[in-house]
Amino acid sequence: MRHRLEYAPVWLIVQVLRFLPRPIARALAIGLALLVYVLHGRLRRVGLRNLQLAFPGMSESERRRTLRGVFVSLGRLLAEIPKFPTYTRENVHRIAIYDGFENFERARARGKGVLFLTAHIGGWEIGSFVHSLYGNRLRVVMRRLDNPYLDRLTRWLRGMHGNRLIDKDDFARGVLGALRRGETVGVLMDTNMSQQEGEFVDFFSHPACTTTSVARLALKTDAAVVPAFTIWDRDLGKYRIHFEPEIPAIRTGDDAADAVANTAAYTKLIERFIRQYPDQWLWVHRRWKTRPAGSPSPY
């Protein structure tokens, strides 16, 4: 009963957004997100510190404007997720379109499986949803959420049109099996890892502990690594699900070094997109929390 009462506000917000007209739902969700920006001091401090680390030449006022944009982006995404059940192949173009789809098709035609390299930027949940709605089902790596209601809701929404989930604790075996069957797997690769889980690579000129599992699996299976980002396009007034060309694998014969080199290349590409759309990335995540031995915490 305690858990039900604790998560009742979340359930209520989802239901309200689901049935409101889209413009009103979006305005309400953005308003709620900006309220969090104002009231949640810790998130605001982390976001501003991250922006200071990434863009040392950016003024304080610009950092605050960028961070507010992040919360607007999150509100925009929040407004769309409860409406997933209302979208079909015939009307989903109202919220998102493909851009560079031929890059995905070319990689899939190789028959070795595809690893979508993606990040918490723009409408990341919308990208995988629309992709499955068009019949391009994929496996999505997901850790169990602390909020049980949100966990159930997220799993249901992600699996509505045939996407299947791979638990983060079963990452290697689940992804390896999917790739060997020629399937597509989506991996969010922009979060902090512990030193036991990752390696340090450059991210905005700072060492960031990053998972090497995507690179190791790509090297092992010869799967294609295709960057895929769902970006809000202000001119279009909708999202663009953008596919980059496959990233060629670095192979020198030293598997451990190659895994780190490829991970660094993937991270550099993610950085390029964040630099292009800084107000759409999740700056409130403590990306540089894990530090090399002897380095002080930036937070």
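Here K289 is the anchor, and the lysines within straight C-alpha reach of less than 22 Å, apart from those fewer than 8 places off in the same chain, are K168, K268. Cβ-to-Cβ counts within 10 Å put S295, S61, S132 in ascending order as S61, S295, S132, the fewest first.
Across the stretch 179-299, the fraction of Cα-Cα pairs farther apart than 18 Å, rounded to a whole number, is 56%. Cross-link partners for K238 among the lysines, with Cα-Cα distance under 23 Å and sequence neighbours closer than 8 places in the same chain left out: K83.
Of the residues P21, C209, M58, the one whose Cα sits farthest towards the positive end of the charge dipole of the chain is P21 (charges of +1 on Lys and Arg Cβ, -1 on Asp and Glu Cβ, taken about the Cα centre). With R₀ set to 30 Å, the beta-carbon distance separating R110 from N147 gives a calculated FRET efficiency near 0.20. Here the residues K268, K289, ranked from fewest to most Cβ neighbours within 10 Å of their Cβ, fall in the order K268, K289. The convex hull of the Cα atoms of the chain, projected and averaged over all directions, covers 16.5 nm².
For the stretch 67-135, applying the loop criterion from DSSP together with a ceiling of 11 other beta carbons within 10 Å to the trypsin sites (Lys or Arg not before Pro) yields R89. As a rough footprinting exposure proxy, the listed residues F71, F19 were ranked by other beta carbons within 10 Å of their own, and the order from fewest upward is F19, F71. Spin-label model, L39/E60: points 7 Å from Cα along the beta carbon direction are separated by 2.6 nm. Relative contact order of the stretch 1-129: 30 percent, from C-alpha pairs under 8 Å at least 6 residues apart in sequence.
Every number in this text was worked out from the coordinates using simple rules, so none of it is lab data. What you see is a predicted model, and the numbers here were worked out from it, not measured in a lab. In this analysis, Cβ positions are derived from the backbone assuming ideal geometry, glycine residues included, and neighbour counts consider all displayed protein chains.
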